[in-house]
Amino acid sequence: MADHTPLLLLNLADRLDLFPTAPMSQRLAEAQALVVTEAMFGPGTYSEQVEHHLVAQLPPIRQGDTRDAYAARLRLIAQEVAV
């Protein structure tokens, strides 16, 4: 499961960048995490397990975060995880 973490973080960052200046929220991060995992693995129990793992890897959202700022942090984390 952890082997997919960098790719999932990058895919999540790409989705958030579709509306870069919109505000970021925890609810949005969790919803998009499910969308990303289901797109990669299809619906089902495995996707839900991967989603929970992905959500656990997400950094906290800072007050005033926009989607592009949060996406940039996700990309940094993906690089660190991949090393």
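The values are calculated or read from the model by the stated rules, or taken from the named source; none is laboratory data. Please read these numbers as outputs of a predicted model, since none were measured by experiment. Quick reminder, even Gly has a Cβ in these numbers, built from the backbone with ideal geometry, and neighbours come from all protein chains shown.
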Next on the checklist: Just the residues that are in contact with a helix residue (DSSP H, G or I) (Cβ under 7 Å, 6 or more places away or on another chain) and either β-branched (Val, Ile, Thr) or surrounded by fewer than 17 Cβ atoms within 10 Å (Cβ to Cβ) (or both), please, taken from segment 5-14.
Outcome noted: Thr5
Next on the checklist: Show the residue pairs meeting these rules: Cβ distance below 8 Å; 6+ apart or different chains; first residue within segment 28-39 and closer than 10 Å to Leu54 by Cβ; second residue outside any helix (DSSP H, G or I).
Outcome noted: Ala29/Leu58; Ala29/Ile61; Ala33/Leu58
Item to check | Matching residues, segment 20-55, being surrounded by 14 or more Cβ atoms within 10 Å (Cβ to Cβ), over 15 Å from Leu10 (Cα atoms) and β-branched (Val, Ile, Thr) | outcome: none
Item to check | Check on Thr66, at pLDDT 95 or above, in contact with a strand residue (DSSP E or B) (Cβ under 7 Å, 6 or more places away or on another chain) and β-branched (Val, Ile, Thr) | outcome: yes
Checklist entry - Can you name the residue in segment 18-35 that is assigned to a loop (DSSP other than H, G, I, E, B) and small (Gly, Ala, Ser) and is also nearest to the chain's Cα centre (by Cα) among such residues? => result Ser25
